[in-house]
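> Here it is, the structure in full.
The values are calculated or read from the model by the stated rules, or taken from the named source; none is laboratory data. Just so we're clear, the structure is a prediction, and the values are computed from it rather than from any experiment. FYI the Cβ positions are ideal-geometry reconstructions off the backbone, even for glycines, and counts take in every protein chain you see. Note: areas computed on protein heavy atoms with side chains; ligands, DNA, RNA excluded. Shrake-Rupley method; radii C 1.70, N 1.55, O 1.52, S 1.80 Å.
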Amino acid sequence: MKRLTISIFLILTFTTSCLISKPENYWQQHVNYKIKARLDPDKNLITGSEILTYTNNSPNEIDRVYFRLYWNIFKQNSHGWKYAERRKMYARLARKYKGVEIKNFSIISNSKEIPIEYKIDDTILEASLPQRLKSGEKITFKIEWEEEVPPGPGMRTGVSNRCFDIAQWYPQIAVYDKYGWHTDQYIGTGEFHNDFGDFEVELEIPKSFIVAYSGELLNPDEVLPDSVIQNLEKARNNPEKVYRIADFSNREITDEDKTNYITWKFVAKNVRDFAFSAYERYIWDAVFWKNEEHPYGGVMIHSLYFKDNAKHWKDSSAVFGLHAIKFFSENFGLYLYPNAFVMSSYAVGGGMEYPGIVFIGYNITNSPYRGLFGVIVHELGHQWYPMMISNNETEFAFMDEGFNTFITTLAFEAYYGRKNNLLDPTKWYIRSSGLSTDERENNQRQYLMLAITGYEEPIATHADHWLENYPATTAFYPKTATVMFMLQYVLGDSTFSKLMKEYYERWKFKHPYPEDFYNLAMEISGKDLRWFFDQWFHRTYTCDYGIKSIRSKKIQKDGKEIYKTTIKIIRKGRAVMPLDIAIKMENGEITSVNLPVDIWLNDEWENEIDIELPSKPTSAEINPDLRIADINRLNNTYPFPKVKISIDNTIPLSQFIAPIDAYSLKLRPSIWYNITDGFKFGLKLNGSYLDDVISHKFWALYGTRSNEIDFYFSDSRRIPFEISKNTFTEIEIFKIEGRYGGGFGFRKRFRKTLTIPPFHDLNLKVQLLKSTDGKYLDQIYKWDEKRLTRIIAGYTYFNYGEKWRVNFSLFFESSTVLSEFNYSKVYSEIIQTFRLPFGYSFSVRLFGGYGNGTIPQQTKFFIATSSPIDQFYRPLYRSKIFPADLRKHIEPFGGAGLRGYIDQNVSGDRIYSVNFELNLPSLLPLFGNLPIIGNLFKTTLFFDAGKTWDQNQRASLKGIKYDLGFGVRSTIFEQFSSMTNLFSEIGLNMIRVDFPVYVSHPINGEKKLKLRWVLGFDKTF
């Protein structure tokens, strides 16, 4: 009786939601699935049959139908496969997959099965109906199929470690709406567009498995232990208290449990899909949220996870789930399903959502980034968008991902507070950053960092039609969330809240399109917002307002002194917004002035505001609450830009803490050492705005032995993309360890997309360099002590494929009129790497150079190493740091790269060489699984050959030198790169020890075959 009452309630809810405030002439189709399936976990195979009753509620007659076979995306040469190849997403192409095999496709008419013809194009099955389906009529399909479960971790569904997270798994009829049939191929970027309906599902699976699901379980007594049923009842009777329902992680599983199949029976009402998870060793927690208005009296939130991530999940995952369901229900409309399963997943990376169940990647934690909270809450937020308010995710992903990112941000703020809610402040390196880690600001930061590149596309672009994924995901998620905050700013908090609640009431269990949301916003607010939606959702206009000037004059008015003040506001971006300006006065008071958007709608680029103030204005700021996504906030404050000073703890967290409203200045003490200066102490400063819009570096160090002060300063600026994309200017000046100089230049990258090669880079640089003290260098690396001014023009190319990667460079270098040298040279390098089976790789490097004139020693070509001028920019090689006995083995790779000739490292004006490396996946073949050693160390076999000569010698193949040997590399410092940038700053990227055991031309008295070794701190090639 209770289930009947609930069903009637849901039917009434659905019916009234279609009637109350229903858009005129709105209709949608209805589906009813009855599915029986068997999952064989040993073969990773699902066999199933479904009876689908389809109701044509449209005013049209239908002569054909389309079904989706989602798992065919994994087949070789599918549309999704080709899409991944074009975008170089090769991880998707890891293995062959047979796809979905249809065993029977028929309709049931008068209790008879009538097979009908169909054709399959990848993920779309098309079938012509024997007769037209008229408006109001129903048709029943019977489909039988077999399919292999895709291997995980993968795209949204699959199996890994006998953990099955199953979705998009049955032949599903496509949506037919006012625009006709939606037959977009499933290619993996865009998600889903499904009709609402009812599901009855029976799943046969071995007794050893525990299953989580969409909807309700109909036969708990037959499939669950009594203790589980009892503990769930305890949770229900004690709302908002987390209970351990079961711990199956260490239970004994018999052969009988693995081979004896039982049937789980489910029903899911008014959902757009049905998904399930199955695993044998879950740990299961649950908490009940009681709500008298809920059709089930409340929601049971389940958290199922694994023993190996229990320390991150056991005390928090169910609590996070409770917060999400409760917060979203109270603010954006009631969650109407009986259960909410939060599933830790080996098979799905990141997170994925389906009605009443979400999959969360098992390795996601809550520190230092509060990722576990964020992913759980975000995926549960999808129960609103799109599970209950079901937009077309394939065409308009922003309506679910972006709206959901917005409400997830609000959930962050409700749980952790408005500020410092993104990173875990219990970590010392988070606290020491000294800056706010704000999820709301982080969303805007991600959008701004894309916007400054000029590679944006409109938010409303079809999800599958983007040129690349990074701008797409940035637009769908953080940019749309940022735009929603701007809409809140435009409408006001109370009107915006009314809009979101009415959006739920009007569109739950229906399919809204963007124009439906736009029209509702204008209806609720009573404002014409077409300008807003056009510029933010359908264009890539950027917003940039600035305060150009403030003038004030003291006058007498009504016997009082007042300051007649004029503020001039400039608009540099094409987007328009209403503005609020906070004005601070000498008396300490702050007043605000609001500028309506209307003053900008007639193409105005400047406006003046006249106000009267009781005290002299001292400063002003546009939109101090930062809800407007202004692309350059350095001009939003007057008279000076904001500067935020913090301690540089060397943790690379700029993607989380780089301020969007101020120039960031990070400082820290610095220490260095070389034999000539002794220990050096000083200060290091890094300044930037949005990472690379403006970037400054400065350091100064005092040598305790030499009493010398060294310094370095650089200024880098991104040219606005409206002028030239991916273009930077650079200036530097320095005095470092017996050398001084400076330079200026620019670099530009030509690329069709931001992240998908090929990439073509042009570089132009003019430098002045001079050596004043040679005692910092070994004799072989000493600089000629005349003034060198040079110009360098370079071209570099990078590309990669599924099994190869190529780097090419070509540089021209010449002295200038101010130089005391007169020379020119050209040099080129090509590096090709091939990926081989079993984790091996093979690399080849070709290098050649040709010079004329009086080439200074510091820029000559060397047989074994890079040139002294190249070493200057690599701190570990720049000067004498190590004892002499060790220095003679240190090899900064470059030049001809003949590692066996470090003890006879001759230089010349011309050069050619070839280098080969075979890289093994571990220290020794077959020993990759050794603890620590197997992961941290790898072995390389190498062969080098080449020659260098001077201008007065003839080029020939005679006298070519060569060596061969093996090497050991450790990338331990790369593994610290996410924790600190200290190592990368000094060029300590790896430890490389090479053993050139054979050289063709050994030094006098040495044997060709001998154990030699060289040490390097960087990759060879």
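> Which percent of the Cα-Cα distances in the range 773-846 go past 21 Å?
Beyond 21 Å sits 55 percent of the P(r) for the range 773-846.
> In addition: Give the angle, between 0 and 90 degrees and rounded to the nearest 10, that separates the Cα long axis of helix 439-451 from the longest principal axis of the Cα atoms of the chain.
It works out to around 60 degrees.
> Another question, then. Quick one: 3J(HN,Hα) in Hz for the range 377-382, Karplus 6.51/-1.76/1.60 with θ = phi - 60°, rounded, Gly and Pro as x.
Result, ordered by residue: 5, 4, 5, 5, x, 5 Hz.
> Please find the FRET efficiency linking S249 to L218, where r is the Cβ-Cβ separation and R0 is fixed at 30 Å, and quote it to the nearest 0.05.
Rounded to the nearest 0.05, the efficiency is 0.65.
> Right, here's the next one. State the answer as a single residue: which of T453, S432, N404 lies farthest towards the positive end of the charge dipole of the range 374-456, with beta carbon charges of +1 for Lys and Arg and -1 for Asp and Glu, about the Cα centre.
About the Cα centre, the residue reaching furthest to the positive side is S432.
> Relative to the present Cα-Cα distance, how much length would full extension add between E606 and V817 at 0.36 nm per residue of separation?
So the chain would gain 71.3 nm between E606 and V817.
> Sticking with this one: With +1 on the Cβ of every Lys and Arg and -1 on the Cβ of every Asp and Glu, and nothing else charged, how large is the dipole of the chain about its Cα centre, in debye rounded to the nearest 20?
Here the size comes out at about 3620 debye.
> So between K234 and A310, what do we pick up on full extension, going 0.36 nm a residue minus the alpha carbon distance?
Details: separation 76, 0.36 × 76 = 27.36 nm, distance 2.21 nm.
Between K234 and A310, full extension yields 25.2 nm more.
> Give the cross-link partners of K119 among the aspartates and glutamates, using a straight C-alpha distance below 19 Å as the criterion and excluding same-chain residues fewer than 8 apart.
Candidates past the 8-residue exclusion: E50, D63, E101, E144, E146, E147, D184.
> Now a separate question. Which semi-axis lengths, in whole Å and largest first, follow from the square roots of five times the eigenvalues of the Cα gyration tensor of the range 957-1019?
33, 11, 9
> While we're here: Among bridges DSSP assigns within the range 590-689, what percent are antiparallel (round to 5)?
70
> Something else now. Quick one: check the C-alpha center-to-center distance for the range 832-868 versus the range 70-93, whole angstrom.
Cα centres, the range 832-868 to the range 70-93: 36 Å.
> Something else: Once amide H atoms are built 1.01 Å from N in the peptide plane, which residues 5 or more positions from F679, or in another chain, come under 5 Å H to H?
T704, R705
> Taking the Cα centroid of the range 644-714 and of the range 951-1010, what is the distance between the two, rounded to the nearest whole Å?
Taking the Cα centre of the range 951-1010 as reference, the centre of the range 644-714 is 31 Å away.
> To continue, here is another question. Roughly how many percent of the accessible protein surface of the range 542-682 is carbon and sulfur, given a 1.4 Å probe and a whole-percent answer?
Working: 3590 of 6710 Å².
Carbon-and-sulfur percentage of accessible area, whole number: 54.
> Could I ask something else about it? Keeping all protein chains in the complex and leaving out DNA, RNA and ligands, what accessible area do you get for F396 with a 1.4 Å probe, in Å² to the nearest 10?
For F396, solvent-accessible area is about 40 Å².
> So what J values fall out for the range 623-629 if you push phi through Karplus, 6.51 cos²θ - 1.76 cosθ + 1.60 with θ = phi - 60°, rounded to Hz, Gly and Pro as x?
6, x, 7, 6, 6, 7, 7
> Once amide H atoms are placed 1.01 Å from N in the peptide plane, what residues at a sequence separation of 5 or more from D648, or on another chain, have their amide H within under 5 Å of its amide H?
Excluding prolines and chain starts, which carry no amide H, the hits are L667, R668.
> For K138, list the lysines whose Cα falls under 20 Å from its own Cα; do not include residues on the same chain fewer than 8 positions away.
Here the lysines satisfying the reach criterion relative to K138 are K34, K112, K178, K269, K510.
> Take every Cα-Cα distance within the range 370-528, group them into 5 Å bins from 0 onward, and report for each bin the whole-number percent of pairs it holds.
2, 9, 16, 20, 20, 17, 10, 4, 2, 1
> Follow-up. Read phi for every residue in the range 482-493 and hand back ³J(HN,Hα) as whole Hz from Karplus 6.51 cos²θ - 1.76 cosθ + 1.60, θ = phi - 60°, with x for Gly and Pro.
5, 5, 5, 5, 5, 5, 4, 5, 5, 7, x, 4
> Further question on the same structure: Leaving out same-chain residues fewer than 8 places away, which aspartates and glutamates sit with a Cα under 18 Å from that of K803?
The qualifying aspartates and glutamates are E85, E917.
> Given the protein chains as shown and a 1.4 Å probe, how many square angstrom of F995 are accessible, to the nearest 10?
50
> Right, another one. Quick one: order Y243, Y447 from most to least accessible surface, probe 1.4 Å. Please report the intermediate quantities before stating the final value.
Working: Y243 40, Y447 5 Å².
Reading off the accessible areas and sorting them downward yields Y243, Y447.
> To the nearest 10 degrees, how steeply does helix 2-19 sit against the main Cα axis of the chain, on a 0 to 90 scale?
Helix 2-19 and the main axis of the chain meet at about 70 degrees.
> So if the hydrodynamic radius of the range 112-171 is defined as the Kirkwood radius over C-alpha pairs, what does Stokes-Einstein give as its diffusion coefficient at 20 °C and 1.002 mPa s, in µm² per second?
On the way: Rh = 14.7 Å.
It diffuses with D of about 146 µm²/s by this estimate.
> Here is a follow-up. How long are the semi-axes of the equivalent ellipsoid of the range 829-958, taking √(5λ) for every eigenvalue λ of the Cα gyration tensor, in whole Å from largest down?
31, 20, 11
> Report, in listed order, any pair from K98/K207; K961/K1007; K684/K735 with a Cα-Cα distance greater than 25 Å.
K98/K207
> Please grab the % of Cα pairs in the range 308-367 that end up more than 17 Å from each other.
Looking at the range 308-367, the distances longer than 17 Å represent 42 percent of pairs.
> Let's see if you can work this out: charge +1 on each Lys and Arg Cβ, -1 on each Asp and Glu Cβ, no other charges. What is the dipole magnitude of the range 48-157 about its Cα centre, in debye to the nearest 20?
For the range 48-157, the charge dipole is close to 580 debye.
> With all protein chains present, how much of the accessible area of the range 234-294 (probe radius 1.4 Å) comes from carbon and sulfur, to the nearest whole percent?
Roughly 38 percent, rounded to a whole number.
> State in Å² the accessible area per residue of the chain; use a 1.4 Å probe, count heavy atoms of protein chains only, and round to the nearest integer.
Numbers: 42950 Å² over 1021 residues.
Result: 42 Å² of accessible area for each residue.
> Around R787, what is the net charge, scoring Lys/Arg as +1 and Asp/Glu as -1 over all other residues with Cβ under 11 Å from its Cβ?
0
> Regarding the chain, what is the average projected area of its C-alpha convex hull, in nm²?
So the Cα hull casts an average projection of 50.4 nm².
> Just the Cα atoms of the range 499-591, one point each, no solvent: what log10 I(q)/I(0) does Debye give at q = 0.12, 0.13, 0.16, 0.18 Å⁻¹?
-0.65, -0.71, -0.84, -0.93
> How big is the dipole moment of the range 106-158 about its Cα centre under a simple scheme where the beta carbon of each Lys and Arg is +1, that of each Asp and Glu is -1, and everything else is neutral? Debye, nearest 20, please.
So the magnitude is around 420 debye.
> Calculate the translational D of the range 417-464 in whole µm² s⁻¹ from Stokes-Einstein, where the hydrodynamic radius comes from the Kirkwood formula applied to all Cα pairs, the temperature is 10 °C and the viscosity 1.306 mPa s.
Values: Rh = 12.9 Å.
After rounding, the answer is 123 µm²/s.
> Just want the answer: with Cβ charges of +1 for Lys and Arg and -1 for Asp and Glu, which residue in F811, S390, A629 is farthest toward the dipole's positive end in the chain?
Final value for the positive-end residue is F811.
> Leaving ligands, DNA and RNA out of it, report the carbon-plus-sulfur percent of the accessible area of the range 66-147 at a 1.4 Å probe.
So the carbon and sulfur contribution to the accessible surface is 42 percent.
> What's the Cα-based Rg to Rh of the range 610-733, Rh via Kirkwood?
Computed over Cα atoms, the ratio is 1.10.
> May I ask which residue of N57, S828, T618 lies farthest towards the positive end of the charge dipole of the chain, with charges of +1 (Lys, Arg) and -1 (Asp, Glu) on Cβ and the Cα centre as origin?
S828
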